[in-house]
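Peer 1: Right, I'll just put the structure down here and ask away after.
The values are calculated or read from the model by the stated rules, or taken from the named source; none is laboratory data. Since this is a predicted model, take the numbers as computed values, not measurements. With ideal geometry, Cβ positions are generated from the backbone for all residues, glycine too; neighbour counts draw on all protein chains shown. Surface areas here come from the heavy atoms of the whole protein model, side chains and all, with no ligands, DNA or RNA. Shrake-Rupley method; radii C 1.70, N 1.55, O 1.52, S 1.80 Å.
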Amino acid sequence: MPNQMNNQSVTYTAHGHASISIFGAAAKLIRNLTRHRQLIVQLFRRDFIMSYKKSFIGVGWILISPLISVVSWVFMNYTGILQPGDVGVSYAAFVLLSSSIWSLFMGFYGSGSSTLDAGAEFIQQVKYPHEVLLFKQVLVQTANFSVGFLLNIVVLVILGVVPTLYIFAFPLLILPLFFIGAGLGLFFSLVSVVATDISRFATLGLSLLFYFTPVVYAANIDNRFLNTINQINPMTYLIETIRSLIFFGQTEYWGQYLLISAVSVLFFLFVLRVFYVSESQVIEKML
Amino acid sequence: MQAQTVIKIENVSKKFTRSIKRSMAYGSFDLIRKIVGIPVNRSLLRPSEFWALEDVSIEIRKGEKVGFLGENGSGKSTLLRMINGIFPPDTGSIRVDGSIGALIAVGAGFHPHMTGRENIFLNGTILGMKRKEIESKLEEIIHFAEIGEFMDAPVSTYSSGMRVRLGFSIAVHTKPDIMLVDEILAVGDLAFQLKCLRKLADFRDEGGTFIIVSHNMQVMRNSCDRVVWLESGKVIESGNVDLICSKYEASQINKSYADEQSSQQFSKDNKISLDPQVKITSVELLDEADNAVEQLTLGQPLTVKIRYNAMRKVLVPIFAVSVHNGDGQLVIESYSDKEGLNLKEIAGEGEVVLKLPKFAYRPGIYSFTVMLSEQTQLRKLEWHEKSYKLSLINENLPINQGLTYPYPNWSHHDHRTT
């Protein structure tokens, strides 16, 4: 029998969400995530667990790629190709933590940018809130990251670097990275449907940003050009603050970090509003 | 008292773009305007855009079974997606009261490495069911899908039929207030199709509202209370199922007839003459009033008039007429010598007439082949292969999917003793 309990009524018009505010968007996000949390869990289960089901190494892959990346940076440092400046701790430990943070940021970006693609198989057939795809992707990324990060901490200790208590605040410290990465990704998820070239440029731009952010070198590197760029690059303050707090328990960039964090929240809400206003009309271009 | 309106479609239009590049350009342009808050006028067509739906207004009441009928590209599936909230209208509004379930993408989101059981939870959640609801219906879903022993095997090991059965079973158990169904008879084997139809009938009997899109007139006639005929994005007519289905079939037949007349396949030049001295000079299809016709109403008499000109004496001439339906099936084959016309010879000009008292076949286009032989079927003089066309339409007979309509007459005799 049809579900008599369901008294939902909805009206679709051309400008359905045009008047939604950024706070309205936030409220809608929370409402949808709460209502569809089981869907997020089911999709997460499908994508996370199943991605390793056919692999002999399984979740081991989460460790292999960052470790190989660390080995290559350390090798470049050891051979003198890379001069990272005074990083304050062993370079291997420095690059292990920094590249983990950067990969997490890129993971958030990837989660956002694949929001519409992730459900392409049924996005035009079944009605459901598409932002659950973003959070499913974020969960997959976070799960992948967490397993690797716990082992990275063990490796840090082996390398003689004991993280400070700020390590427990890590989930909070990375929030601005989530808002910027996921926000940018969500925006380019829309753009990639109607302007593929621009979203490809964005991906290239982020690859370039890696070199203009003090990830594999110190923030105060002895290079005027890089120093200038680092000073105007908000990512510098986020990465440097998180890294310094975990290594040394202090940072000289609290002010910048908090300001960028606040702006990142507003940026994410702005993009979320754009997403709500545009998603249905962008989705029809996926035909 | 009239039932409550559950779907109200008011002056809805939807446009799409023919060119992909322009579609992307307009999409980018509209996205920028939305970001900066400049409203987009969606009621105007830009170059390369066309109306997939134009000024459509339909009202559907609780418990109604409505069929959307129309050719490919008429806008049926677009309208279904808009009711489902996937595409927004460009003008007008669609109000939906109640939950919607769509039997459209059965099995959407299935993961091949997950078991059938795991996929029930995944797919059921995608379709809006809660975990507890799925748990309570799990056995029913498994039983309906008929894949009990494979339930804990990965879906990748399923046949395509099993996969579709499982997808359909999950979708049909979501129990929405309004069910959207797209080409239901494309699901599984015959037994499963019958089971699906029965499930839909249960849904209907329990007061559910459903909208069905199908090319199958029989499904429309058996399942719907009302039909909406769409063509090029506009509502042509809405109302009585039999009447509109018949009109739609007639329109389809007329279109096919026009297409076929212009196609090479049915060229009137497809005539072979094996004796230059003997000619079939004309063949006419005549109605009851002896008017030459290209279209006839099902069940009416039809006459085939064959004129010839023999410049020599033809001994024991045999005329033959065969009729094929649109699927190429032979429905009539008639030889003059076997059916009462034993001619000894013909010479000069003359005509033979074949009368068919009731031309009662399934509506469609029929092609007539006319032959003339001498003494034996092996000695052909003239052969006009499928050179004459007749479109047959139905006005009010309850014709089904059978090839012919033999004016059936059912009766019942109760043998119980009282």
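Peer 1: Quick test for you: out of B:Ile365, B:Ile346, pick the one residue that is assigned to a strand (DSSP E or B), touching a Gly at 6+ places or on another chain (Cβ under 9 Å) and open to solvent by less than 60 Å² (accessible area, probe 1.4 Å).
Peer 2: Of B:Ile365, B:Ile346, the one residue that is assigned to a strand (DSSP E or B), touching a Gly at 6+ places or on another chain (Cβ under 9 Å) and open to solvent by less than 60 Å² (accessible area, probe 1.4 Å) is B:Ile365.
Peer 1: Determine if segment B:284-296 includes at least one residue that is out of contact with any Cys (no Cβ under 9 Å at 6 or more places or on another chain), under 20 Å from B:Gly348 (Cα atoms) and either surrounded by 14 or more Cβ atoms within 10 Å (Cβ to Cβ) or free of Cβ contacts under 8 Å to residues at least 24 places away in the same chain (or both).
Peer 2: Yes, because at least one residue in segment B:284-296 is out of contact with any Cys (no Cβ under 9 Å at 6 or more places or on another chain), under 20 Å from B:Gly348 (Cα atoms) and either surrounded by 14 or more Cβ atoms within 10 Å (Cβ to Cβ) or free of Cβ contacts under 8 Å to residues at least 24 places away in the same chain (or both).
Peer 1: Scan segment B:133-143 and give yes if some residue there is out of contact with any Cys (no Cβ under 8 Å at 6 or more places or on another chain), more than 30 Å from B:Asn222 (Cβ to Cβ) and facing another protein chain (nearest Cβ under 7 Å), otherwise no.
Peer 2: No: segment B:133-143 contains no residue that is out of contact with any Cys (no Cβ under 8 Å at 6 or more places or on another chain), more than 30 Å from B:Asn222 (Cβ to Cβ) and facing another protein chain (nearest Cβ under 7 Å).
Peer 1: Could I ask something else about it? With a cut-off of at least 3 residues that are within 13 Å of another protein chain (Cβ to nearest Cβ), modelled with pLDDT of 75 or more and within 26 Å of A:Leu173 (Cβ to Cβ), name the helices (runs of 4 or more DSSP H) lying wholly within segment A:29-107.
Peer 2: A:37-44
Peer 1: Would you confirm, using the coordinates I've provided, whether A:Val132 is farther than 25 Å from A:Leu173 by Cβ, out of contact with any Pro (no Cβ under 7 Å at 6 or more places or on another chain), open to solvent by less than 10 Å² (accessible area, probe 1.4 Å) and within 12 Å of chain B (Cβ to nearest Cβ)?
Peer 2: Spelling it out, A:Val132 is indeed farther than 25 Å from A:Leu173 by Cβ, out of contact with any Pro (no Cβ under 7 Å at 6 or more places or on another chain), open to solvent by less than 10 Å² (accessible area, probe 1.4 Å) and within 12 Å of chain B (Cβ to nearest Cβ).
Peer 1: Moving on to the next point. Taking the condition open to solvent by 60 Å² or more (accessible area, probe 1.4 Å) and either within 10 Å of chain A (Cβ to nearest Cβ) or under 25 Å from the mean Cα position of the chain (by Cα) (or both), does B:Phe29 pass?
Peer 2: Judged against the criteria, B:Phe29 is a match.
Peer 1: Take the residues of segment B:357-382 that are modelled with pLDDT under 90 and hydrophobic (A, V, I, L, M, F, W, C): which is farthest from B:Asn309 (Cα to Cα)?
Peer 2: Here the answer is B:Ile365.
Peer 1: Just the residues that are touching a residue at least 60 places away in the same chain (Cβ under 8 Å) and either surrounded by 15 or more Cβ atoms within 10 Å (Cβ to Cβ) or part of a strand (DSSP E or B) (or both), please, taken from segment A:9-23.
Peer 2: Answer for segment A:9-23, where residues must be touching a residue at least 60 places away in the same chain (Cβ under 8 Å) and either surrounded by 15 or more Cβ atoms within 10 Å (Cβ to Cβ) or part of a strand (DSSP E or B) (or both): A:Gly16, A:His17, A:Ile20, A:Ile22.
Peer 1: Pick from B:Leu341, B:Leu354, B:Leu330: which is of a type in the set (A, V, I, L, M, F, W, C), over 19 Å from B:Asn270 (Cβ atoms) and surrounded by fewer than 18 Cβ atoms within 10 Å (Cβ to Cβ)?
Peer 2: Matching residue, one of B:Leu341, B:Leu354, B:Leu330: B:Leu341.
Peer 1: Report, by residue number, each residue of segment A:271-284 that is farther than 12 Å from A:Ile123 by Cα, in contact (Cβ under 8 Å) with a residue 60 or more places away in the chain and facing chain B (nearest Cβ under 7 Å).
Peer 2: A:Val274, A:Val277, A:Ser278, listed by residue number.
Peer 1: Scan segment A:157-192 for residues that are small (Gly, Ala, Ser) and either open to solvent by 20 Å² or more (accessible area, probe 1.4 Å) or within 14 Å of another protein chain (Cβ to nearest Cβ) (or both) and jot them down.
Peer 2: Hits for segment A:157-192 are A:Gly160, A:Ala169, A:Gly183, A:Ser189, A:Ser192.
Peer 1: Okay, next question. If I filter segment B:235-253 for residues that are closer than 30 Å to B:Gly73 by Cβ, out of contact with any Phe, Trp or Tyr (no Cβ under 8 Å at 6 or more places or on another chain), hydroxyl-bearing (Ser, Thr, Tyr) and surrounded by 20 or more Cβ atoms within 10 Å (Cβ to Cβ), do I get at least one hit?
Peer 2: Yes - at least one qualifying residue is present in segment B:235-253.
Peer 1: How many of the residues making up segment B:368-395 are within 18 Å of B:Ile280 (Cβ to Cβ) and crowded, with 18+ Cβ neighbours inside 10 Å?
Peer 2: Count: 16.
Peer 1: Restricting to segment B:262-279, count the residues that are surrounded by 11 or more Cβ atoms within 10 Å (Cβ to Cβ) and at pLDDT 65 or above.
Peer 2: Residues flagged as surrounded by 11 or more Cβ atoms within 10 Å (Cβ to Cβ) and at pLDDT 65 or above within segment B:262-279 amount to 9.
Peer 1: Here is a check on your reading of the model: is B:Ser156 more than 14 Å from chain A (Cβ to nearest Cβ), open to solvent by 20 Å² or more (accessible area, probe 1.4 Å) and among the hydroxyl-bearing types (Ser, Thr, Tyr)?
Peer 2: Judged against the criteria, B:Ser156 is not a match.
Peer 1: Here's another thing I want to ask about it. Do we have B:Leu79 as hydrophobic (A, V, I, L, M, F, W, C), buried (at least 23 other Cβ atoms within 10 Å of the Cβ), in a helix (DSSP H, G or I) and touching a strand residue (DSSP E or B) at 6+ places or on another chain (Cβ under 8 Å) here?
Peer 2: For B:Leu79, the condition - hydrophobic (A, V, I, L, M, F, W, C), buried (at least 23 other Cβ atoms within 10 Å of the Cβ), in a helix (DSSP H, G or I) and touching a strand residue (DSSP E or B) at 6+ places or on another chain (Cβ under 8 Å) - is met.
Peer 1: Output the number of residues of segment B:82-91 satisfying the condition of being assigned to a loop (DSSP other than H, G, I, E, B) and more than 7 Å from chain A (Cβ to nearest Cβ).
Peer 2: Total meeting the criteria: 0.
Peer 1: Before we move on, is B:Glu59 surrounded by fewer than 20 Cβ atoms within 10 Å (Cβ to Cβ) and either under 26 Å from A:Tyr276 (Cα atoms) or within 13 Å of chain A (Cβ to nearest Cβ) (or both)?
Peer 2: no
Peer 1: Among the residues of segment B:130-142, are any closer than 21 Å to A:Ile40 by Cβ, assigned to a loop (DSSP other than H, G, I, E, B) and not basic (Lys, Arg)?
Peer 2: no
Peer 1: Let me ask something else. Could you run through segment A:178-207 and say how many residues are outside any helix (DSSP H, G or I) and at pLDDT 90 or above?
Peer 2: Here the count works out to 0.
Peer 1: Here are some conditions: (1) in a helix (DSSP H, G or I); (2) closer than 26 Å to A:Leu96 by Cβ; (3) out of contact with any Asp or Glu (no Cβ under 9 Å at 6 or more places or on another chain). A:Ser244 meets all but one. Which one does it not meet?
Peer 2: Result: A:Ser244 fails condition (3) only.
Peer 1: Could you pull out the residue among B:Leu53, B:Leu44, B:Leu103 that is of a type in the set (A, V, I, L, M, F, W, C) and free of Cβ contacts under 8 Å to residues at least 24 places away in the same chain?
Peer 2: B:Leu44
Peer 1: While we're here: When you scan segment B:101-117, do you find a residue that is within 7 Å of chain A (Cβ to nearest Cβ), open to solvent by less than 30 Å² (accessible area, probe 1.4 Å) and assigned to a strand (DSSP E or B), even just one?
Peer 2: Yes.
Peer 1: Please find, within segment B:201-221, the residue that is most open to solvent (accessible area, probe 1.4 Å) out of those that are within 12 Å of chain A (Cβ to nearest Cβ) and without any contact (Cβ under 8 Å) to a residue 24 or more places away in the chain.
Peer 2: B:Asp205
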